[in-house]
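Everything below concerns the one structure shown next.
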């Protein structure tokens, strides 16, 4: 037991070194490319130095780490166990009576720990720094933030809704269009404050010829399925007719999740906020599949990392018995890339509504994990 414990600590240390070296090389290459990209894109419109471009890239680093860590785990696992095989340490460990399940334990533990860190620490950090990156980039480009410029929306084909107030609001522009300007977004798109609606109807020249009909100002507008729910309403109509009302429902062809998807994309919600956000969205009748997919994908990250680590280790375990370094390492790397591609394919199928988000998040890593465990059991126990 003491010997096995020492061996496991030694292998764990080798796994950490290989992972750190692989991640460092991958990140260094990506960061250098991204610095050049920032100079090319942002620097093309405004004068920035290498230091500023590097600061922008550093804000993206946690997000880049989230993308590269699975590949670093795969390559690090391959490096560790291939080196152990080359130095005949794997055969020596086997000769000491240590099974593959035990000397693969260190890389499995490391994969789960890294996966949990990605979910609980790295994703919230990447989310916050990505928002800072977007804000700083817009500032450098001279674009006004939304608090200054507000948000602009457009809706068309307005139809009368069925109650007298709603019908009055759209009678002047049947099948017309409304241009909406909100000066402040509430939270992550729950509502808009200080809103102005400009209503137009088609002119003699057709729908491209718009004629202004009236204007509605409101203190707050909430987008619900089929309607804008306005509070603190002031209507300005032709001839100087001004009407005030505490509440007003306006028909809309905008979906109930328009603000949600525009101002609270899945990338902007950190892991810890996702459960409450999903629950609130469902209660409000919003489409939350993208957020459910991200949440379950994050929960499945330790499983995904574990599968990546075992794929790299198992091919080298087979190598210790039958040789063929280049062929088996290539097969392991290809299997890891196929797994990554399948997870992205499943995410795309979920986005199109072809599969439930929970299934899209969990099926690929679980299938890969069970497959590699089956292969490991066959190699080890026959």
*Pull out the extension gain between residue 241 and residue 345, defined as 0.36 nm times the separation in residues minus the alpha carbon to alpha carbon distance; nm, one decimal.*
31.8 nm
*asked:* Suppose R0 equals 51 Å. What FRET efficiency, 1/(1 + (r/R0)^6) with r the Cβ-Cβ distance, do residue 40 and residue 113 give to the nearest 0.05?
replied: 0.85
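Taking Cα pairs under 8 Å and at least six residues apart, what relative contact order does region 10-76 come out at, in percent?
Over region 10-76, the number comes to 51 percent.
Can you tell me the FRET efficiency between residue 377 and residue 121 if r is taken as the Cβ-Cβ distance and R0 is 41 Å, rounded to the nearest 0.05? Don't jump to the answer; show the numbers that get you there.
Details: r = 33 Å, r/R0 = 0.81.
Computed FRET efficiency for residue 377 and residue 121 comes out at 0.80.
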*Between residue 337 and residue 128, what is the FRET efficiency for a Förster distance of 30 Å, r being their Cβ-Cβ separation, to the nearest 0.05?*
0.50
*Scale the Cα Rg of region 324-366 by the rule-of-thumb value 2.2 N^0.38 Å and send over the ratio, two decimals.*
1.45
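When ranked by the protection proxy of mean other Cβ atoms within 10 Å per residue, highest first, what sequence do the peptides 135-141, 79-85, 17-23 form?
Values: 135-141: 14.3, 79-85: 22.0, 17-23: 18.3.
Averaged packing, sorted descending, gives the order 79-85, 17-23, 135-141.
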*Which distance in nm do the two modelled labels at residue 29 and residue 215 give, with both placed 7 Å along the Cα-to-Cβ direction?*
5.7
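We did not get these values from a lab; they are worked out from the coordinates using the rules stated. Since we're looking at a predicted model, the values are computed, not measured. A quick note on method: Cβ atoms are made from the backbone with ideal geometry, for glycine too, and the neighbour counts reach across all protein chains shown.
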